[in-house]
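A.B. asks: Have a look at this one before I ask anything.
What follows is calculated from the coordinates using simple rules that are stated; it is not laboratory data. Because the structure is predicted, anything quoted here is derived from the model rather than measured. Because the Cβ atoms are built from the backbone with ideal geometry, glycine has one as well, and the counts that use them run over all protein chains shown.
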């Protein structure tokens, strides 16, 4: 028996409460959840043009705690991902979002993460941690303005026989 699914063309349900002028926090939270889902999907499918749309132009990404770089700029970060993950099979799962809408155009969020990366040649990385993010609403759409990745663990397995 297959599970019921919302048709792709169905609109996202909206809040029916009496929200203040300028938007509803429930709608904003749902939009940010959809944004982060698009981030994970575009990374795993290597849809770099789609990935670019999730960020503000001046996004700041910090992965230094897990041995990666700090990068400023959406184009620069997408180019880094393209170069780093070229040929890799990746799976990123974000869970349990804690989103706080701080104004009509800003929000913060923390997401639990579990990811697996398998590079050509056999090296495999598995890890978990958290994304600590800020969001900005630009031209009516939420975008990631900053993201800091913190790791709880990261296991790197070299290729067999390596």
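A.B. asks: Is it the case, given these coordinates, that residue 38 is out of contact with any strand residue (DSSP E or B) (no Cβ under 9 Å at 6 or more places or on another chain) and closer than 18 Å to residue 134 by Cα?
C.D. replies: yes
Residues are listed down the side, and each one gets a yes or a no for (1) within 22 Å of residue 86 (Cβ to Cβ); (2) assigned to a strand (DSSP E or B):
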residue: 104; (1), (2): no, no
residue: 108; (1), (2): no, yes
residue: 112; (1), (2): no, yes
residue: 121; (1), (2): yes, no
residue: 131; (1), (2): no, yes
residue: 135; (1), (2): no, yes
residue: 154; (1), (2): yes, yes
residue: 161; (1), (2): no, no
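A.B. asks: Inside the stretch 48-92, can you point out the residues that are surrounded by 13 or more Cβ atoms within 10 Å (Cβ to Cβ), part of a strand (DSSP E or B) and touching a residue at least 24 places away in the same chain (Cβ under 8 Å)?
C.D. replies: Hits for the stretch 48-92 are 55, 56, 59, 60, 61, 62, 89, 90, 91, 92.
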